[in-house]
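Everything on this sheet refers to the single structure shown next.
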Amino acid sequence: MSKNKEHAESTVSLVYQCRLSLSTRTVNHLADLLRRHLKAIRSRWRARTPGKIAVIVLAVLRHDQRLADMAGGNDLSATTIRRWRDELIGLLAGQAPRLDRALKKIAKRGGEVVLVDGTLIPTQRRTGRANRPNYSGKHHRHGLHFLALTDEKGRLIWISAARPGRTHDITAARRDHLLAHLRTAGLGALADLGFLGLDDDPDDPVVVTGFKATRARKLNSGQKEANRVLAAGRAPVEHGFAHLKNWRTLTKLRTDPARATHLLRALLVLTNIEVHR
């Protein structure tokens, strides 16, 4: 066995191309938003043009590219990429609609009901007592819980604040005063059995949740048919979640949970631009 005492050659950074599966409209919207912001704060120079910055940030959000990898491929620092990402997320989150305005817009458009559901966004497991509330017993993993509203066609219209994973759907809805906002706007809501018991007004129900079978009480044919009709009406809300989770940065959040609300609302704006163009 021979020994080679020669020194290894210096490493060379390899850069590869990756297709960004987004429309030009989404890139232009983000670039124009950044241009207006730079003009407002009188920032005269950035290391890259607003269009290039928009592409870099969208690649991070869409494909969950590591900041260090994007920095190396664009001859920048990871700190710069992180600063651009957080800046654009904040600008986009500011465009997300509030709950009352979103519902009034649906009512003004002639809508009668909205679809509501909750979901969990996985996060990294962190040690310590402070992270225990993020564990969801339903999903058996750590994550953050949030509610989303869509219209009858599955278009996302509102996203709640991100809360610890153990938060129940009803608890989140009550904290956001969902019932009061629905009654003010004159709208109803279709929900799954996770919201059973949220609406305590049997004479004028706002949230329709279907029927739940128990050991002592089985469902009759009429109740089963009602559940099937309700499930068919609620199907578009799952499509809305699917479009939102196409942003792979939500596969497993590595950002600070305190910033997750801004991230979700920024992705809501981008999703509506991309899906409903």
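The values are calculated or read from the model by the stated rules, or taken from the named source; none is laboratory data. Treat the numbers as computed from the prediction; the structure is a model and nothing was measured. A quick note on method: Cβ atoms are made from the backbone with ideal geometry, for glycine too, and the neighbour counts reach across all protein chains shown. Accessible surface is based on the protein model in full, side chains and every heavy atom, while ligands, DNA and RNA are left aside. Shrake-Rupley method; radii C 1.70, N 1.55, O 1.52, S 1.80 Å.
Table: residues versus (1) surrounded by fewer than 21 Cβ atoms within 10 Å (Cβ to Cβ); (2) farther than 16 Å from Pro164 by Cα; (3) of a type in the set (Gly, Ala, Ser).
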{"position": "Leu67", "(1), (2), (3)": "yes, yes, no"}
{"position": "Leu92", "(1), (2), (3)": "no, yes, no"}
{"position": "Gly118", "(1), (2), (3)": "no, no, yes"}
{"position": "Gly137", "(1), (2), (3)": "yes, no, yes"}
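Based on what the data block shows, is Val57 at pLDDT 90 or above, touching a Phe, Trp or Tyr at 6+ places or on another chain (Cβ under 9 Å), open to solvent by less than 100 Å² (accessible area, probe 1.4 Å) and not in a loop (DSSP other than H, G, I, E, B)? Judged against the criteria, Val57 is a match. Annotation note: Cβ proximity below 7 Å between a residue of the range 249-273 that is over 18 Å from Val55 (Cα atoms) and open to solvent by 10 Å² or more (accessible area, probe 1.4 Å) and a residue that is modelled with pLDDT under 85 and not hydroxyl-bearing (Ser, Thr, Tyr) (sequence gap 6+ or interchain) occurs for Lys252/Gln124; Arg254/Gln124. I'm checking my understanding of the structure. Among residues of the range 215-238 that are closer than 28 Å to Thr271 by Cα and of a type in the set (A, V, I, L, M, F, W, C), which one is nearest to the chain's Cα centre (by Cα)? Here the answer is Val237.
If the condition is being aromatic (Phe, Trp, Tyr) and out of contact with any helix residue (DSSP H, G or I) (no Cβ under 8 Å at 6 or more places or on another chain), then the range 201-225 contributes no residue at all.
When the residues of the range 69-90 are filtered to those that are under 25 Å from Ala242 (Cβ atoms) and either of a type outside the set (Lys, Arg) or more than 23 Å from the chain's Cα centre (by Cα) (or both), the one that is least open to solvent (accessible area, probe 1.4 Å) is Leu88. So for the range 207-214 (the condition being part of a loop (DSSP other than H, G, I, E, B), over 23 Å from Pro236 (Cα atoms) and over 24 Å from the mean Cα position of the chain (by Cα)), does at least one residue qualify? Yes, that holds for at least one residue.
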